[in-house]
Amino acid sequence: MTVVQSYICEKLCKVLPRLNDIPKHVANLITQGISVNSAYTSNILPGANPEDLPTQVGNKTECALLGFVQGLGVKYQKIRDEITEDKFTRVYTFNSVRKSMGTVIPRPDGGYRLYSKGASEIMLKKCAFIYGHDGVLEKFTRDMQERLIREVIEPMACDGLRTISVAYRDFVPGPAAANEVHIDGEPDWDDEEGIMSNLTCLCVVGIEDPVRPEVPDAIRKCQRAGITVRMVTGDNVNTARSIATKCGILKPNDDFLILEGREFNRRIRDSNGDVQQHLLDKVWPRLRVLARSSPTDKYTLVKGIIDSSISDSREVVAVTGDGTNDGPALKKADVGFAMGIAGTDVAKEASDIILTDDNFSSIVKAVMWGRNVYDSIAKFLQFQLTVNVVAVVVAFIGACAVQDSPLKAVQMLWVNLIMDTLASLALATELPTPDLLLRKPYGRTKPLISPIMMKNILGQAFYQLIIIFGLLFAGDWILDIESGRGQDLNAGPTQHFTIIFNAFVMMIMFNEINARKIHGQRNVVEGIFTNPIFYTIWIGTMISQVVIIQYGKMAFSTKALSLDQWLWCVFFGLGTLVWGQVITTVPTKILPKCLS
């Protein structure tokens, strides 16, 4: 952040003013007020090399103000060394409700001086005096306030600048000037409202907080992914509107709401001041920017969206935050994102995910990875349920029809190894792709097994059962081999049942390729070579199957097959890919309601 505009002594500067252009007494007050009335942990550190830019440490707004002091040619650290923190009489820490902070220090000639800074339009309401031309003290009338807001603050805000006002007030034991207050003893510092009144405005500065280059693209990706991005900020409504437009949250001619916290509360609360869900439901769907808001407003919005029942499935709400006051909203949200660099410990503790780089685009990556995990689980289920359906039906009907299951126990163990351990590694290790962000979010009430997946499971199971039962009852005749049906229990393995086992495994293996797609895509091999784990496991499993068939013998109840018999088994396996294209063509709506 950087101060790019300033208004001092009725002079608006769109470049950094020179120290000599500012009346000396006003310049001293401004530089001391900024240096003292800020966290001493906020600093500007020089770069490691002369060509490197300085590093801002701590609160970025305060660092921008400290940079303004340095730009005037004043060393803020020298002022801090003279007025150390142990000399502070009272500190009013920043409050998101009053949107200001203040620091009280002793005056060298007795009494106290209060420095305050905060949101411009709020601070100006507390000011009774202002320094005019040549640093002459003037009464700050209501007309002057309105003119300053209209001609200085609003144009700055429309340029996307965050406007901050710096003011002060003196408490003196002796005769008091017009903008000072006489005291006989120590003031009642607990009377914050009384202390922070009748201030003297020193300056208004416009701080540029440039939008990171990657943010607009990240927001576009969120919007394409069906995610609505809302800005909740304490900034001026014009500043918020400008930044939201630059980010892409708002577009020209959009019919969306931009509200200030006060108007937001007026719309959602009843005459008793209680939030009404039906009133909130009229606001949040169109709300895109909530400006001059408090953490309570943020929490109310999050809770209201979560509790809303205007859509079929409840909204999933993610919230970002970095301050202590963001804790309730972060905890209430379905997913809380805390800033790893600027975030407080309270915010990090209340969050679910910490963004170590404080980058909005990291949220897009989190969404992409989350959808990838969901899809990986769905792929595995689609594959496993198909194998389960076929294996159970074959084992049951086979045992009933021929008094012996065509799939032996040890073979089922091998199928189970393929189906569980190896398939989970193969199907659950694909890296996410940007295509995941082209789909709308899954609803909270949407079943994990979608109608398309159910169609694939039943369709592939039907194909595999037809092939297996065809081989079981007619394979010996078609392939001209000895039948395995009715064999003595002590008889050795037969080629007939070995072909059934091998064809089953081939269909499983090629259907594993089909299972990589769960949204009806036709190109099931797309991206297959981007996942080395998948094709390594697939090839390794095929090699293991060859070894089991050709050399397993009694251990696996198999008998070596000829090349022709192997080609038949591979042909049946390849058939699952062709059959998968047929299944994709079939409309999902023909499925019975109970299955979809």
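Computed from the coordinates by the stated procedures, all read-outs in this text should not be read as laboratory data. Since the model is a prediction, treat every value here as computed from it, not as a measurement. All Cβ positions, even for glycine, are placed from backbone atoms using ideal geometry, and neighbour counts span all protein chains on display.
Any chance the range 490-502 includes a residue that's surrounded by fewer than 19 Cβ atoms within 10 Å (Cβ to Cβ), under 22 Å from Gly398 (Cβ atoms) and not aliphatic (A, V, I, L, M)?
Checking the range 490-502: at least one residue is surrounded by fewer than 19 Cβ atoms within 10 Å (Cβ to Cβ), under 22 Å from Gly398 (Cβ atoms) and not aliphatic (A, V, I, L, M).
Can Val367 be described as touching an Asp or Glu at 6+ places or on another chain (Cβ under 6 Å) and either surrounded by fewer than 18 Cβ atoms within 10 Å (Cβ to Cβ) or farther than 25 Å from Ile268 by Cβ (or both)?
no
If I ask for residues that are within 21 Å of Cys203 (Cα to Cα) and not in a loop (DSSP other than H, G, I, E, B), which ones from the range 92-110 would you list?
Answer for the range 92-110, where residues must be within 21 Å of Cys203 (Cα to Cα) and not in a loop (DSSP other than H, G, I, E, B): Tyr92, Thr93, Phe94, Asn95, Ser100, Met101, Gly102, Thr103, Val104, Ile105.
Checking Leu465 against (1) touching a residue at least 24 places away in the same chain (Cβ under 8 Å); (2) surrounded by fewer than 20 Cβ atoms within 10 Å (Cβ to Cβ); (3) farther than 16 Å from Phe571 by Cα, which test does it fail?
(3)
Has the range 557-573 got any residue that is in contact with a Gly (Cβ under 6 Å, 6 or more places away or on another chain), closer than 21 Å to Ser405 by Cβ and not charged (D, E, K, R)?
Scanning the range 557-573 turns up at least one residue that is in contact with a Gly (Cβ under 6 Å, 6 or more places away or on another chain), closer than 21 Å to Ser405 by Cβ and not charged (D, E, K, R).
Specify which of the listed residues (Ala350, Ala333) is under 16 Å from the mean Cα position of the chain (by Cα) and more than 26 Å from Asp217 (Cα to Cα).
Ala350
If you take the residues in the range 377-413 that are within 47 Å of the chain's Cα centre (by Cα), under 16 Å from Ala503 (Cα atoms) and not hydrophobic (A, V, I, L, M, F, W, C), which one is surrounded by the fewest Cβ atoms within 10 Å (Cβ to Cβ)?
Step by step, filter the range 377-413, then rank; the result is Asn388.
Just give me the residues in the range 498-531 being within 16 Å of Phe572 (Cβ to Cβ) and in contact with a Lys or Arg (Cβ under 8 Å, 6 or more places away or on another chain), in sequence order.
Across the range 498-531, the qualifying residues are Thr498, Phe501.
Here's the yes/no breakdown for (1) polar (S, T, N, Q); (2) within 17 Å of the chain's Cα centre (by Cα); (3) assigned to a helix (DSSP H, G or I); (4) under 19 Å from Ile227 (Cβ atoms):
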| residue | (1), (2), (3), (4) |
| --- | --- |
| Gly273 | no, no, no, no |
| Leu279 | no, no, yes, no |
| Lys282 | no, no, yes, no |
| Ser293 | yes, no, no, no |
| Asp297 | no, no, yes, no |
| Asp312 | no, no, no, yes |
| Asn325 | yes, no, yes, no |
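Consider Glu51 carefully, then state whether it is in a loop (DSSP other than H, G, I, E, B) and of a type in the set (D, E, K, R).
It is true that Glu51 is in a loop (DSSP other than H, G, I, E, B) and of a type in the set (D, E, K, R).
Of the numbered conditions (1) closer than 24 Å to Phe140 by Cα; (2) surrounded by 19 or more Cβ atoms within 10 Å (Cβ to Cβ), Lys11 satisfies every one except a single condition; which is it?
Just one mismatch for Lys11, condition (2).
Pairs under 7 Å by beta carbon, first residue touching a residue at least 12 places away in the same chain (Cβ under 8 Å) in the range 538-565, partner acidic (Asp, Glu), six or more apart or different chains?
From residues that are touching a residue at least 12 places away in the same chain (Cβ under 8 Å), the pairs are Trp538/Glu512.
Just the residues that are on the phi > 0 side of the Ramachandran plot and in a helix (DSSP H, G or I), please, taken from the range 544-596.
The one that is on the phi > 0 side of the Ramachandran plot and in a helix (DSSP H, G or I): Lys553.
Restricting the search to the range 420-434, which residues are more than 10 Å from Val373 (Cα to Cα) and touching a helix residue (DSSP H, G or I) at 6+ places or on another chain (Cβ under 9 Å)?
Passing the criteria: Asp420, Leu422, Ala423, Ser424, Leu425, Ala426, Leu427, Thr433, Pro434.
Residues Thr41, Thr61: which one is outside any helix (DSSP H, G or I), of a type in the set (Val, Ile, Thr) and either farther than 17 Å from Val3 by Cβ or touching a residue at least 24 places away in the same chain (Cβ under 8 Å) (or both)?
Thr41
Yes/no per residue for (1) within 28 Å of Met156 (Cα to Cα); (2) more than 23 Å from the chain's Cα centre (by Cα):
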| residue | (1), (2) |
| --- | --- |
| Ile227 | no, no |
| Arg266 | yes, yes |
| Leu287 | yes, no |
| Ser308 | no, no |
